[in-house]
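The values are calculated or read from the model by the stated rules, or taken from the named source; none is laboratory data. Remember, predicted model here, so these are calculated numbers, not experimental data. So basically every Cβ, Gly included, is an ideal-geometry build from the backbone, and we count neighbours across all protein chains shown.
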Amino acid sequence: MDAKKVEKISKALADPNRLLILKELRKKKDCLYCTDVYEFVDLTQPSISHHLKLLTDAELIIPTKEGRNMKYTLNNKMIDQYVHFLQTLKT
């Protein structure tokens, strides 16, 4: 994993609302629809879209268009790579 990717992921994880979105995605164990985010994050629609875009750009979540809705799933592969990178810093 290159330094730019680590920086992008780290910045995406630096916001409590984005962390909350990731935690809820983990709880669902399947997917989360954009409309579901309104239930647990007290933000406007443009703010939620912004947070989802940053998580998507960091490749932490994978968007899939389903009709008129977007559904999001965790990108476990990217999360594993990021965790592996952090673990290499320990040794």
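Test Leu19 against the stated conditions and say whether it is under 23 Å from Tyr82 (Cβ atoms), surrounded by 15 or more Cβ atoms within 10 Å (Cβ to Cβ) and within 9 Å of the chain's Cα centre (by Cα). Against the criterion (under 23 Å from Tyr82 (Cβ atoms), surrounded by 15 or more Cβ atoms within 10 Å (Cβ to Cβ) and within 9 Å of the chain's Cα centre (by Cα)), Leu19 does not qualify. The residues on offer are Ile9, Ile62, and the sole one that is in contact (Cβ under 8 Å) with a residue 60 or more places away in the chain and not hydroxyl-bearing (Ser, Thr, Tyr) is Ile9. If you filter region 1-16 down to residues that are modelled with pLDDT of 95 or more and among the small types (Gly, Ala, Ser), you find that the one that is surrounded by the fewest Cβ atoms within 10 Å (Cβ to Cβ) is Ala14.
Scanning region 44-68 for residues that are surrounded by 15 or more Cβ atoms within 10 Å (Cβ to Cβ) and at positive phi gives a single hit, Glu59. Selection of first residues in region 71-91 that are free of Cβ contacts under 8 Å to residues at least 24 places away in the same chain and of second residues that are in a loop (DSSP other than H, G, I, E, B), restricted to Cβ pairs under 7 Å at least 6 apart or on distinct chains, gives the following pairs, ordered by first then second residue: Asn75/Glu59; Asn75/Leu60; Ile79/Leu60. Here Tyr33, Tyr72 are screened, and the one residue that is among the aromatic types (Phe, Trp, Tyr) and touching a Pro at 6+ places or on another chain (Cβ under 8 Å) is Tyr72.
In the set (1) loosely packed, with under 10 Cβ neighbours inside 10 Å; (2) modelled with pLDDT of 90 or more; (3) more than 18 Å from Asp15 (Cα to Cα), the condition left unmet by Lys71 is number (1).
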